[in-house]
1. Taking neighbour counts of Cβ atoms within 10 Å as a proxy for exposure, in what order, fewest first, do ILE234, ILE113 appear?
2. Can you list residues from other chains, or at least 5 along the same chain, whose modelled amide H is less than 5 Å from the amide H of THR85?
3. Please list the three semi-axes, largest first and in whole Å, of the ellipsoid equivalent to segment 233-340, using sqrt of 5 times the eigenvalues of its alpha carbon gyration tensor.
4. Name the helices (complete DSSP H segments) of the chain with a Cα length along the long axis of 30 Å or more and a Kyte-Doolittle mean of at least -1.0, or state none.
5. If the reach is capped at under 13 angstrom between alpha carbons, list the aspartates and glutamates near LYS195, excluding any in the same chain fewer than eight residues apart.
6. Using θ = phi - 60° and the Karplus relation 6.51 cos²θ - 1.76 cosθ + 1.60, list the HN-Hα couplings for segment 53-64 in order, rounded to whole Hz, with x at every Gly or Pro.
7. Once you've got the GNM for the chain with C-alpha springs shorter than 10 Å, pick whichever of ARG118, ARG263, ARG17 has the biggest mean-square fluctuation.
8. For LYS298, list the lysines whose Cα falls under 28 Å from its own Cα; do not include residues on the same chain fewer than 8 positions away.
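Laboratory data are not the source of any read-out in this text; all were calculated from the coordinates shown. Quick caveat: nothing in here was measured; it's all calculated off a predicted structure. Don't worry about glycine lacking a Cβ; one is built from the backbone with ideal geometry, like all the others, and counts go over all protein chains shown.
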Amino acid sequence: MDAFFASIEQRDDPSLRGKPIAVGGGGKRGVVASASYEARKFGVRSAMPGFTAKSKCPDLIFVKSHFDKYREASQQIRAIFLEYTDLVEPLSLDEAYLDVTENKKNNPSATLIAEEIRKRIFETTQLTASAGVSYNKFLAKIASDINKPNGLKLISPAAAIAFIDQLPIEKFFGIGKVTAKRMHKMGITKGADLKRLTKIEMAQRFGKAGLHFYHIVRGDDNRQVNPTRIRKSIGAERTFFEDLQNFDAMWKELKPIAEKVFRYMENNENFGKTVTLKMKMPDFQILTRSKTYTREIKDQAEFLGVVEDLLRNHWQEAGKVRLLGTSVSNLTKEQGSIQLEFDFWE
């Protein structure tokens with residue numbers, strides 16, 4: 001989907017259309033969850049601090065998030081996908097892989113299917129979507145970003161290698177900023193440069209990820225589209241308007257977050273063995289501490305006690321925090337890890 005959260009807000013409020021908007025908070029603690037394309041022209045991006053976004057775009061309008069509306073639209077879009085194939089692997093509320101090799105419409109053209117789905121999405125939700133079409137996940141994902149917004153890109157098997165050879169390293173899905181910076185220092189700026197490394201050299205320089213890079217730079221990606229994609233944790237976190245500086249203040253805020261996580265586990269009968277505490281400091285450094293048990297924690301009082309002990313034992317390592325969160329992994333049913341939402345600070 002194109003600027004999903006922001007597009008929904010513009011759809012539902014005509015006064016926001018054509019204007020640079022950001023879903024999230026614009027104060028010193030705010031974070032951008034989604035930015036309209038009008039705002040992106042100024043360099044505003046998701047996960048950017050609100051004050052930074054405002055400095056890049058002085059006319060930026062901040063809009064409160066409405067996750068109920070985003071989930072509703074996501075469900076409508078998912079229903080459209082399932083009319084074409086059951087092989088749908090959601091990555092988030094606004095993105096998914098579809099395998100249409102065999103499809104319910106008996107349409108032999110993936111490109112025509114993608115166009116039809118995009119049309120159906122707009123007719124149903126008044127939102128635009130972009131699609132990438134190719135023979136594997138890596139290439140389809142890369143293609144989906146090329147003609148945004150409201151576009152489609154096909155990378156055929158015959159064109160794939162030439163395309164990858166010229167693809168900037170920063171555009172490779174799975175290569176982050178840190179790794180890209182390392183590659184640039186090594187003289188690797190595009191796919192053709194990366195392909196010169198042998199499999200052993202890839203592994204030596206980039207570890208396990210290097211083997212993945214070795215294959216994708218050659219157009220090889222055999223990962224299946226998995227409708228029951230394994231996810232590994234349930235968690236929630238929240239950013240605070242002011243730094244928290246002592247245990248009592250931190251626990252007061254962390255307790256309801258932990259309670260929300262436990263309610264979700266209880267409602268879904270999906271409990272975990274590993275509990276993790278997350279603390280983000282004012283300089284944006286993140287500290288995590290975990291404790292693992294030999295059994296799932298199914299009692300709320302016990303779960304809250306574990307979270308409280310983790311905080312009590314480690315809060316001084318952070319000193320001050322701007323964000324607190326907790327998550328549970330090693331789940332009974334590793335089929336639906338989720339990050340539970342809290343509204344962003346204004």
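1. Starting with the residue having the fewest Cβ neighbours, the order is ILE113, ILE234.
2. Distant-sequence amide H within range of THR85: LYS104.
3. 23, 13, 12
4. Correct list, ordered by number: 247-268.
5. Within the straight-line limit of under 13 Å, LYS195 reaches these aspartates and glutamates: ASP165, ASP220.
6. 4, 5, 5, 6, 9, x, 8, 4, 9, 8, 10, 5
7. It is ARG263.
8. List returned: LYS232, LYS252, LYS255, LYS260, LYS273, LYS278, LYS280, LYS333.
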